[in-house]
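The values are calculated or read from the model by the stated rules, or taken from the named source; none is laboratory data. This structure is a prediction, so every number in the text was calculated from the model and none was measured. As a convention, Cβ positions derive from the backbone with ideal geometry for all residues, glycine included, and neighbour counts pool all protein chains shown. Areas reflect the complete protein model, heavy atoms only, side chains present, ligands, DNA and RNA absent. Shrake-Rupley method; radii C 1.70, N 1.55, O 1.52, S 1.80 Å.
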Amino acid sequence: MKIGTVIYEPTIVDGFDISVYYSKRVDGVLGKPAKGMYNDITCFVDAKSIRERPELVALSENGPATRTNKAYSLPWDFVCPTNEEYQSNVLRFIEDTAKEDVEGVILNLYHFPEEGFCTCDRCSRQQRESGLDWLEWRVQTVTDFIRRAKKLVKQPFGIEIWPDPVLAKERFGLDFEALAKYVDFFHVPLSSHNYVTMYWVDTLTRDFKKLLKKPIFIELSAEIPREVETKALLRTVAYVSSHDVEAVLLLVHDADRAKEICRTAVNDSNYRGWLEKFGFENMNKIIEKWEKIY
């Protein structure tokens, strides 16, 4: 199993096999392609663009796909995914990124915001003209965008999956089997402020391992530096490592936080004894590698 970082700065950290950089973020900030790293590109969430051009926002009968719409609990502001101009801009950014010496490309938030979106005139017209029912039209729209993006990327290509293994199709237009035809791997973020209670991570990892027909990267949040959160995180990494996943990725703000996690794992004798006792072989190998560096 590989270990990696998801990071907000274009920095490769020693001791990690995979490095993922957010080159286009949910707030609309664009970065230059990070060479030697996977570049993670946010597609249809862009707070800056929606502030400047409100007509871009995805619509529903209960209002727009924004954080201020109390009819929903959306964490971000979503652009309508059928807006041709914005879609072309995203595809151009993907293409320009793939032309650089990057390790790979990952797309996130390339789908509909939730059930009920999008009901703008353009989406309603496209759905009618397709001859498909509402659910299947949304699936086709999302899958077709991923198909078009895949053609632009020669490097390894993956997509993030919203962590709902049951209702992803109804909520977001995600058909796992259809999407698997166009990706090399799936990236599943299982985000939390802490993992003191972590059985749900183990359960969701098992679920997605059964459902997804390509290799899986599991992402865990590692931003909070307090000792109790770091130790709970490391135990969760160990549990995930016992499953047949391609990699575990740690979401960090910067390289210093990633190095701090490595040092904690290396120097915590209780944790290392626990790994030995319960036979977490993959995690032991990772820490043995970190020990040579940290």
- Message: Under the √(5λ) rule applied to the eigenvalues of the Cα gyration tensor, what semi-axes describe the equivalent ellipsoid of the chain? Give them in Å, descending.
- Response: 35, 20, 18
- Message: Using the Cα centre of the chain as origin and beta-carbon charges of +1 (Lys, Arg) and -1 (Asp, Glu), tell me which of Q126, V142, S242 is placed farthest towards the positive end of the dipole.
- Response: S242
- Message: Can you tally the net charge around F208? Count Lys and Arg as +1, Asp and Glu as -1, for every other residue whose Cβ sits under 15 Å from the Cβ of F208.
- Response: -3
- Task: Once you have a ≥ b ≥ c as the square roots of the Cα gyration tensor eigenvalues for segment 129-221, tell me rounded if a/c is under 1.5, and otherwise prolate or oblate according to whether a/b is larger than b/c.
- Result: oblate
- To the nearest 20 debye, the chain has a Cα-centred charge dipole, built from +1 on Lys and Arg Cβ and -1 on Asp and Glu Cβ, of 280 debye
- Which value, in nm² and rounded to one decimal, describes the direction-averaged projected area of the C-alpha convex hull of segment 174-257? 5.8 nm²
- Treating only the Cβ atoms of Lys and Arg (+1) and Asp and Glu (-1) as charged, compute the dipole magnitude of segment 6-157 about its Cα centre; round to the nearest 20 debye. 240 debye
- Take a quick pass over segment 52-179 and tell me how many lysine pairs come in under 26 angstrom between Cα atoms, counting only ones 8 or more apart or on separate chains. 6
- Can you give me the Cα centroid spacing of segment 227-253 and segment 1-27 in angstrom? 15 Å
- Message: Given a 10 angstrom Cα cut-off, can you work out which residue in V248, V240, V228 is the most mobile in a GNM of the chain?
- Response: V228
- Message: With an 8 Å Cα cut-off and a minimum separation of 6 or more residues, compute the relative contact order for segment 170-238 in percent.
- Response: 42 percent
- Quick one: among D27, D256, D144, which has the greatest mean-square fluctuation in a GNM of the chain with alpha-carbon springs under 10 angstrom? D256
- Note on the structure: So, relative contact order of segment 231-294 in percent, Cα under 8 Å, 6 or more apart, is 40 percent
- Message: Take K2 and E115, extend 7 Å from each Cα along the Cα→Cβ direction, and tell me the distance between the two endpoints in nm.
- Response: 3.7 nm
- What are the ³J(HN,Hα) values, in whole Hz, obtained from phi via the Karplus relation 6.51 cos²θ - 1.76 cosθ + 1.60 with θ = phi - 60°, for each residue of segment 228-233 in sequence order, with x given for Gly and Pro? 5, 5, 5, 5, 5, 4
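Relative contact order (percent) for the chain, with alpha-carbon contacts under 8 angstrom and 6 or more residues of separation?
The value is 18 percent.
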- Note on the structure: Relative to the chain, whose Cα atoms define the longest principal axis, helix 121-130 and its Cα axis are tilted in degrees, nearest 10, by 90 degrees
- Query: For segment 264-278 and segment 75-154, what is the separation of their Cα centres, given in Å?
  - Reply: 44 Å
- Task: Compare K289, K210 by solvent-accessible area with a 1.4 Å probe and give them largest first, with all protein chains kept in place.
- Result: K210, K289
- Message: Please give me the summed charge of the neighbours of K2: other residues whose Cβ is under 10 Å from its Cβ, Lys and Arg +1, Asp and Glu -1.
- Response: -2
- Express as a percent, rounded to the nearest 5, the fraction of DSSP beta bridges in the chain (both residues included) that run antiparallel. 10 percent
- Note on the structure: Between the residues S60, A71, L107, the Cα farthest towards the positive end of the dipole of segment 57-119, that dipole coming from +1 and -1 charges on the beta-carbon of Lys, Arg, Asp and Glu, is from A71
- Item | Highest-MSF residue in the chain out of L107, L211, L152 [GNM, Cα springs under 10 Å] | L211
